[in-house]
Amino acid sequence: MPVAPVVSAGNGVPFLVSAGIVYEIIAAACSSPQTTEINADTRAETLMKWVHVGLVQAGVFVAIAATIDNEHAAPIIVGGGLAAGLMYFSYVHAKNAGLGDGKPGTES
């Protein structure tokens, strides 16, 4: 007689894991949106380059996870995609806000 698992996580766990890995990879590749905003006048191009690198890296991990766990591929992709979109928007907003406020950054 098979034993049913005590806890059935369903699709929530793969969704959160996929979203979390995107945030972790982008954070490992670049500074925070706050730092981007503060230093946009001197580092906007470099900071956004690393956001793009982080997004590519995260996309590779999400694609691999979705391939390995075909049963949960949809929540893995949706979680990763949503996190990627939110983080990208955060960095673009930070860059634009920093370039538009005219305040000096913390770096020279």
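The values are calculated or read from the model by the stated rules, or taken from the named source; none is laboratory data. These numbers were taken from a predicted model, which means no experiment stands behind them. As a convention, Cβ positions derive from the backbone with ideal geometry for all residues, glycine included, and neighbour counts pool all protein chains shown.
Considering the conditions (1) modelled with pLDDT under 90; (2) more than 30 Å from Asn11 (Cα to Cα), Ile68 is excluded by exactly one of them, (2).
Here's the yes/no breakdown for (1) touching a residue at least 40 places away in the same chain (Cβ under 8 Å); (2) in contact with a Gly (Cβ under 8 Å, 6 or more places away or on another chain); (3) surrounded by fewer than 18 Cβ atoms within 10 Å (Cβ to Cβ):
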{"site": "Leu55", "(1), (2), (3)": "no, no, no"}
{"site": "Ile64", "(1), (2), (3)": "no, no, yes"}
{"site": "Ile68", "(1), (2), (3)": "no, no, yes"}
{"site": "His72", "(1), (2), (3)": "yes, no, no"}
{"site": "Gly81", "(1), (2), (3)": "no, no, yes"}
{"site": "Gly85", "(1), (2), (3)": "no, no, yes"}
{"site": "Lys95", "(1), (2), (3)": "yes, no, no"}
{"site": "Gly102", "(1), (2), (3)": "no, no, yes"}
{"site": "Thr106", "(1), (2), (3)": "yes, no, yes"}
